[in-house]
Structure formats: structure tokens, C-alpha cells
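The values are calculated or read from the model by the stated rules, or taken from the named source; none is laboratory data. Keep in mind it's a predicted model, so treat the numbers as computed, not measured. Every residue, glycine among them, receives a Cβ derived from its backbone with ideal geometry; neighbour counts consider all protein chains shown. Areas reflect the complete protein model, heavy atoms only, side chains present, ligands, DNA and RNA absent. Shrake-Rupley method; radii C 1.70, N 1.55, O 1.52, S 1.80 Å.
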Amino acid sequence: MATATATASKSKPKYSPPKVSDQKMLIGGKWVSSVSGKTFPTLNPTSGETICNVAEGDQADIDLAVKAARKAFDAGPWTKMNPGERSRLLYKLADAIEAHSNDLATLESLDNGKPINDSLTADLPLTVQCYRYYAGWADKIYGQTLPINGNYFCCTRHEPIGVVGQIIPWNFPLLMQAWKWAPALACGNTVVLKPAEQTPLTALYVARLAQEVGFPDGVINVVPGYGPTAGAALSGHMDVDKIAFTGETNTGKIVMTAAAQSNLKRVSLELGGKSPNVVFADADLDAAIEGAYFGLFFNQGQCCCAGSRLYVQESAYDEFVHKITAKAKSRKVGDPFQQDTEQGPQVSQEQFDRVMGYIDAGKKDGAKMLVGGSRVGDKGYFIQPTVFCDVKDEMKIAKEEIFGPVMSILKFKDVDEVLERGNRTLYGLAAAVWTKDIKKALRLAHGLRAGTVWVNCYDVFDASAPFGGFKMSGIGRELGQYALQLYTEVKTITMAM
């Protein structure tokens, strides 16, 4: 009996998809249907079946949400609230998310398709950490006293921008919501969030938690809907003071254009990438293989910073390719609620088709496909982990963001060559280098045009470390103290003495 009890206590808990009722939107503290009465289905990517129907917002709903956010900012208690009280509410929200981790993790895996282990061990802890980090900043946002010429007292204040529109993607719904809400709210702004139409469920769940812990009405508004309607209405709204967008680069251009053509609202963008991951022959090859494998295949390859251009030095190339191909062959693809699953489905039929199109392009361009290349099963959006070698820089799979489980391995000779080739891209989100030579590591860390460079590691994130891109990978930095700059205006006050 004692043995049976011990065995049971060590067994892993079992998780199953939750049942979800139809969802409304949150505007001004009330859960309401869309003005049009329209809804849209959110789908389970494991099966392609409808999870539930969600209120579909458009221009009329965005107008109401912006009006509620403006009222909360101009006349409500939020901006008048002691910063320490805003801090307390953010800490309470973090605690509530942590207390509901299992519910949120299962909902995230259901709506997005990511393995339950990833939801529990990555998405949820990083989300909680982000809210707690910015809760600590809420009462520490201050300006400077400036010694200007003349008999004057001069100082600066960092003030909230106002009503902030935020549009988040489907690959990390919970985490991207935290990256947007936490700094904006810490600074005293009010928000209107449009979650991705593929994955709106956890955003709505967290909005309920925010209500329960005491956020005033109108401070947080969530309007699900489609990009060309709800997203466009938010980006071009004349009473939105700032728009923050994470997503695909071409959509980022549309958002920025709408901001410019409306009221010239402030803009921050976290966009796509085609990140070079450079492995030198003197690296710890086993560690580099693990890092490259994780850096590409994590989250079904649906990461903006995925190490999707994997450069391996020629003297280590054959061994590296052989070992990483063997790992890819053994990767477990399947039901995200099975705890031994490493890879779930792509998020949607559209994304599935996009990735399969890139696999076809790789084969047509002459890259050598070593493993994968096909769908898994006969339902859902599952794709085999796919590895191409003998990839050339000019090939489509080496130039464009695939956003799926497709690894492209390229060969290089030396530091100068790989530095030049690594920078030969329109993107500049992330990069990595694997070597035991500190000089080479620093040469590439300094020389690669990317917002983040990892050395002998990959995908290391922390709420205190800023993240964002060079070139067409975006504008501004999220996370860390730098993100506060996205959500404040600097005011100079000069007083005659």
C-alpha cells in the first residue's frame, strides 16, 4: 500500500481540454455582445473543430471601448490613483493568474495548440513574472532635476500617454498580453486590447481576473475581432494616443500607416525575424545542437525570434547535421494534452498551408530535405519536424520568415564570411553564436545587427531584459526599464525663481 501511494504521488497530473462557453467582450467594465450581434468561431487546432463562439468587434465596438478607456483616463480614478495602489493591483493580478495557472494553461493549449508542458513551464511563469516586474516599477517612474542656465528651477515628469490600443499575436497569447498590459498599466495608461482572432480565450479570462482583483471599470477593455475591421479601427482611431502591435511585418506597416494618417499616434512594433544562429566548430557541439533544436522547433516553430538561419562551420557541419537530424526524427508530435508531446499543431489551417508552401519551395530550390516534410495524421494542423541542409542564402526558405517547424542549415567558412551573411537580411530581431572563443563571441555579438544576441544559449527571456528589433523587425523595446519609454511622455517644467 505504501509503495502504491508513493508511485501515485510521483505520477504526473493529467490535463484535459476544458469546456468553454460562448464569450462576450469587455467594454467599460461590462461584458457585452458586439453592436452588430456578430460572433466568430475560435477553433481547436488539434481537430479543426469549434471551441466556442466569440463576440466579433468592429468599428462600433472599438469606438465604445475607446470612449470607456478615455473616460477612465480623464475622469476616472486610475490616473489619480496613488502609484503604489496601481502597483498593488498589478501584484494582485499576478497572484490571481498564478492561482489559476492550470485553468489558463489548459485554455492556452486548447486554443493555441501548444503542448501543455510548455504552457505550464514557460508561458505561465513568464507571464506572472512580467506582471510582478512592472508592479514593482509603478511607483518608481520619475523624471530628473536639470541644472539649466539662469535663475530657474527645471525638472522633467514622465506622464502616461493616455488611451493605448494594443494588438497581440496568436503564438504566445498570454505572454504577449502581459508584455503589453503590464508596462502600460504600471505607467497609468488605460488600454483597449484586440487579441488575435485565432486565440482570444485567455485574454478574456485574464480580463475577468483583472475585474475580480479590483481594476476600475474602463481601465482594461478587450475587443476580439479581425485585423481588417477591429484592428484597423483601433490603429486609425482619432482618440487613441498610442498603438502597440506585435505580429507580422507587413501588418506592422499597415498599423504604422494608419497611425500616421489618423492622429499621428505614438507607435511601437515588435515584428518578424529571420534570426541567424551561428555555430563554430570550436563550440560545445552537443550544447549547440540542443540550443539550435530548441531555438527552432519550440512552440511549433512559431516564434518571431526562431533561429531559422542555422549557420554551421564547415569542419563541424556533417557531424552537426547528422546529430540534429536524428533528434528531429525522434520528436514527439501529437495531442498537446499528452505530457510526452513535444510538438502540437500549427495554430490554423492558414498557417499550416503557409508552412507546407515553404517546404515545397525548399525542395524546388534544391535544398536537401533530410527529415519531415509532411503532415501528421488526418485532422488538425500537425506538421512533421522538417530539416533541410545544403541551404543557400538566396533560397526562399533562407530569406523569408516561415514561422513553422522547418530548419534550414547553411555552411560557412570563417568569422568574416558569416558576419556578412548573417546581416544580409531585412530583419534584425535576434541572433546567437556558439563558440568557446571569447573574441569570436564578442565579435559577432557586437557585429550582428540584431536587438538580442545570445551567446552559447538561445531563447533566454526575463522580464528585466529588453527585447525588440533592428531594421524591419520593429520599433521600440519591450520588457525591462526600456519598455516604460513606450508608455510615457516626457514633460519639461521650467519655473522662474
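As a test, work out the antiparallel percent of DSSP beta bridges whose residues both lie in the chain, rounded to the nearest 5. Restricted to the chain, the bridges split so that about 40 percent are antiparallel. When the trypsin sites (Lys or Arg not before Pro) in segment 311-403 are filtered for DSSP coil states and for at most 12 other beta-carbon atoms within 10 Å of their beta-carbon, the remaining sites are Lys332, Lys379.
The portion of the accessible surface of the chain made up by carbon and sulfur, rounded to a whole percent, is 53 (1.4 Å probe; DNA, RNA and ligands excluded). Toward the positive end of the charge dipole of segment 241-377, with +1 on the Cβ of Lys and Arg and -1 on the Cβ of Asp and Glu, the farthest Cα among Gln313, Asn299, Ile324 is that of Asn299.
Over segment 350-493, what is the percentage of antiparallel beta bridges among all DSSP beta bridges, to the nearest 5? In segment 350-493, approximately 40 percent of DSSP beta bridges are antiparallel ones. With everything on Cα atoms, drop me the angle between helix 173-186 and the longest principal axis of the chain, reported from 0 to 90° to the nearest 10. For 173-186 against the chain, the angle is about 30 degrees.
Of all alpha-carbon pairs in segment 129-228, indicate the percentage at a distance above 24 angstrom. The calculated P(r) of segment 129-228 puts 32 percent of pairs beyond 24 Å.
Considering only Gln144, Gly252, Gly76, the residue lying farthest towards the positive end of the dipole of the chain is Gln144, judged by Cα position with unit charges set on Cβ. Straight Cα distances below 16 angstrom link Lys392 to the lysines Lys274, Lys363, Lys364, Lys368, Lys411, Lys413, with same-chain residues fewer than 8 positions distant left out. Highest-first packing order for the peptide set 437-443, 276-282, 53-59 is 276-282, 53-59, 437-443, based on the mean count of other beta carbon atoms within 10 Å.
Placing +1 on each Lys and Arg Cβ and -1 on each Asp and Glu Cβ, with no other charges, gives the chain a dipole about its Cα centre of roughly 500 debye. Placing +1 on each Lys and Arg Cβ and -1 on each Asp and Glu Cβ, with no other charges, gives segment 347-497 a dipole about its Cα centre of roughly 300 debye.
With Rg/Rh (Cα atoms, Kirkwood Rh) as the read-out, I listed (i) 0.99; (ii) 0.97; (iii) 1.38; which label goes with the value calculated from this structure? Among (i) 0.99; (ii) 0.97; (iii) 1.38, the one calculated here is (i).
Restricting segment 412-497 to chymotrypsin sites (Phe, Trp or Tyr not before Pro) that sit in a DSSP loop and have at most 13 other Cβ atoms within 10 Å of their own Cβ leaves nothing. Based on protein heavy atoms only, the chain ends up with 41 Å² per residue of surface accessible to a 1.4 Å probe.
Normalised by the number of residues in the chain, the mean separation of alpha-carbon contacts (under 8 Å, six or more apart) gives a relative contact order of 18 percent. For segment 412-497, the relative contact order comes to 25 percent (Cα pairs under 8 Å, sequence separation of at least 6). Which one, Cys187, Phe172, His158, projects farthest toward the positive side of the charge dipole computed for segment 116-230 from Cβ point charges (K/R +1, D/E -1)? The Cα lying farthest towards the positive end belongs to His158.
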